[in-house]
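The values are calculated or read from the model by the stated rules, or taken from the named source; none is laboratory data. These numbers come from a predicted model, not from an experiment. A quick note on method: Cβ atoms are made from the backbone with ideal geometry, for glycine too, and the neighbour counts reach across all protein chains shown. Note: accessible area is taken over every heavy atom of the protein model, side chains too, but ligands, DNA and RNA are not part of it. Shrake-Rupley method; radii C 1.70, N 1.55, O 1.52, S 1.80 Å.
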Amino acid sequence: MNRWLRASVKFVGIHLLIFFIFRLCFFFSFSPGSENLNSAELLKSFVLGFRFDLRLTLILLLPFFVIYLVFKKKKSLKKLLLSFYFFVSFIWLSTLFLDIGHFSYLSTRINGTVLQFFANPSIALGMMFDSYPMFWILLGFALVWFAYYLTLKKVIFSFNDSTKLTLGKNKTNLSIILFVLFFILGAYGKISYYPLRWSESFFSKNSFVNYLSLNPVLYFFETLRFKDQTFDKEKVDLYFPQMSEYLNQNDNNKRFARNRPYTGSKKYNVIIIVMESLAMHKTNLMNNKLAPTPYLQSIASESYSFTNAYTPTEGTARGVFGLLTGLPDVGRVKTSSRNPFVIDQKIIMDQFSGYEKYYFIGGSANWANIRAVFTNNISQLNIFEEGSYDVPDTDVWGLSDLDLFIQTNK
C-alpha cells in the first residue's frame, strides 16, 4: 500500500474512533436507563451514528486530496496539512464539546439556533461559567486538541517532507479504485436513489435513541437554514382565538392539544389512499362544470364524504404533512418535513391502539425527509418503500401507481 493510501486509511480509522468515543460519552452521560431503552433500537442508533460519522470523516478527508494534488511537489506539504487540519479540528472538536454541554442544559443536540447566543455574548459566556466547570472543560479541550495534533503529526501524516506520496503503480491501482468506491458510498451513506438523511435518525418514539444516532457537527449544519424560525409569543396570543376555533378546542394553556380518542366498540380497518396530483378543484367534488370525474362523484355520493379533510396546498411534501397532522404546512424554508424542529407532532394514527400500522410509498421515504414525520410520531410503523417490493421501479420516482396499488394489496 502506498503512502498516500496508507495516510488516508489511518485518517479514516482514527477519526471514526474519535467520533465513536464521543458517542459513547454521550450515551453514558445522558442514557435514561436500560429499562427505558430497547436494545434493537440502540443497535440501530449506533449503526446509523457510524454511518453519519463516516460521512463527516470522508468530508474532512477530502481537503487532504486537494492539498496533495495542488502542493504535492512542495517540501512544505506536511506542514500545510498539519496547519490546515489543526485549524479545522478546532471547529469540529469545539462542536463536539459544546454539544455535550448543550444537551445537558437543554436536552437537545446542538443545532443552528445556538448562534442566537452570539447576539449577547457576554450573557452567554456568563451563563456558561455559572453553569459549568469551565476551567476543567477548557483544560480537557486543550488536551484533546493537542493529542489530536500529535496524532496527525506522528501517526496519520507520519511521512517527512522528502517522501513522495505517489499514487503507485499497477499493483496499487486496484486498492485506489476500491478506496474511491468506498469513499463515494460512504459519503452518500446508502445504496438507494436518495442518500442518507437526518430524518432516518428519528425512527423511534424514544427521543434519546434518536438523538444518540445524530452526528452533532452534521446536524448543526443541517439546521442552520432553520435557525431564524423562532417562536413569537405575541403572534401566538394574537392569533390564538382563530387557531382555537379552527382546531375546535379550548386550550387556555395554548398547547394546541388535540386528543380525540375513539370510544366506539367496533374497530374498523382504516385505509387512506392518497391520490397524488388529483387536485380536488379539478373533480366533480367541487362542482367542476366539466364533470371530469363521474365515477369519483358516484363513490362520494354513496359514501361518507368528509369535505373538511383536505390539504390546502399543491406540493406533495406539504400535502403529506397536512394530511398527517391536520395542520397546514406553513414552513417558510421549503417544507416542514425538512425542518428538524417541527417534526414532533401529535398524529391521530398513533392514537389507534391495538392496530398494525403501515405506510406504503412507491419511492423512498427519505424524499423531503418525510420519513421522520412518520417514524418519530407513530409507534411501530411498518414502512414499505423502494427495495421492499418484488417488482422493478418504473422511473426515478419508484413504482407506478398501478404497481404500488397491487403490491400494497398483496
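Could you say whether any residue in region 276-296 is open to solvent by 60 Å² or more (accessible area, probe 1.4 Å) and touching an Asp or Glu at 6+ places or on another chain (Cβ under 8 Å)? Yes, some residue in region 276-296 is open to solvent by 60 Å² or more (accessible area, probe 1.4 Å) and touching an Asp or Glu at 6+ places or on another chain (Cβ under 8 Å).
Out of all the residues in region 91-104, is one or more open to solvent by 70 Å² or more (accessible area, probe 1.4 Å), modelled with pLDDT under 90, over 22 Å from Ser207 (Cβ atoms) and in a helix (DSSP H, G or I)? No, every residue in region 91-104 fails to be open to solvent by 70 Å² or more (accessible area, probe 1.4 Å), modelled with pLDDT under 90, over 22 Å from Ser207 (Cβ atoms) and in a helix (DSSP H, G or I). Somewhere in region 333-341, is a residue over 21 Å from Gly189 (Cβ atoms), of a type in the set (A, V, I, L, M, F, W, C), crowded, with 16+ Cβ neighbours inside 10 Å and modelled with pLDDT under 90? So far as region 333-341 goes, yes, one or more of its residues are over 21 Å from Gly189 (Cβ atoms), of a type in the set (A, V, I, L, M, F, W, C), crowded, with 16+ Cβ neighbours inside 10 Å and modelled with pLDDT under 90. Of the residues contained in region 352-366, none is found to be in contact with a Ser or Thr (Cβ under 8 Å, 6 or more places away or on another chain) and of a type in the set (Val, Ile, Thr).
Is it true that Leu327 is of a type outside the set (Phe, Trp, Tyr) and either outside any helix (DSSP H, G or I) or in contact with an Asp or Glu (Cβ under 9 Å, 6 or more places away or on another chain) (or both)? First the steps, then the outcome.
Numbers: of a type outside the set (Phe, Trp, Tyr): yes; either outside any helix (DSSP H, G or I) or in contact with an Asp or Glu (Cβ under 9 Å, 6 or more places away or on another chain) (or both): yes.
It is true that Leu327 is of a type outside the set (Phe, Trp, Tyr) and either outside any helix (DSSP H, G or I) or in contact with an Asp or Glu (Cβ under 9 Å, 6 or more places away or on another chain) (or both).
Residues that are open to solvent by less than 80 Å² (accessible area, probe 1.4 Å) and either of a type in the set (S, T, N, Q) or touching a strand residue (DSSP E or B) at 6+ places or on another chain (Cβ under 8 Å) (or both) within region 116-133 comprise just one, Ser131. Residue-level check: of (1) surrounded by 18 or more Cβ atoms within 10 Å (Cβ to Cβ); (2) β-branched (Val, Ile, Thr); (3) more than 20 Å from Val209 (Cβ to Cβ), Val373 misses just (3). Please specify each residue of region 382-410 satisfying the condition of being open to solvent by less than 30 Å² (accessible area, probe 1.4 Å) and part of a strand (DSSP E or B). Listed by number, the list holds a single entry, Gly398.
Checking every residue in region 65-84 against the condition of being under 28 Å from Ser201 (Cβ atoms) and either open to solvent by less than 40 Å² (accessible area, probe 1.4 Å) or part of a helix (DSSP H, G or I) (or both) gives zero matches.
Taken over region 203-229, the criterion of being farther than 20 Å from Phe50 by Cα and open to solvent by 10 Å² or more (accessible area, probe 1.4 Å) is satisfied by Lys205, Leu224, Arg225, Lys227, Asp228, Gln229.
Is one or more of the residues making up region 246-256 modelled with pLDDT of 85 or more and surrounded by 11 or more Cβ atoms within 10 Å (Cβ to Cβ)?
Within region 246-256, not a single residue is modelled with pLDDT of 85 or more and surrounded by 11 or more Cβ atoms within 10 Å (Cβ to Cβ).
Among residues of region 15-45 being in contact (Cβ under 8 Å) with a residue 60 or more places away in the chain and surrounded by fewer than 16 Cβ atoms within 10 Å (Cβ to Cβ), the one that is nearest to Lys154 (Cα to Cα) is Cys25.
Looking at Gly49, is it closer than 17 Å to Phe203 by Cβ, open to solvent by less than 30 Å² (accessible area, probe 1.4 Å) and not β-branched (Val, Ile, Thr)? When the stated conditions are applied, Gly49 passes them. Restricting Trp145, Trp136 to those that are surrounded by 15 or more Cβ atoms within 10 Å (Cβ to Cβ), modelled with pLDDT of 85 or more and in a helix (DSSP H, G or I) reduces the list to Trp145.
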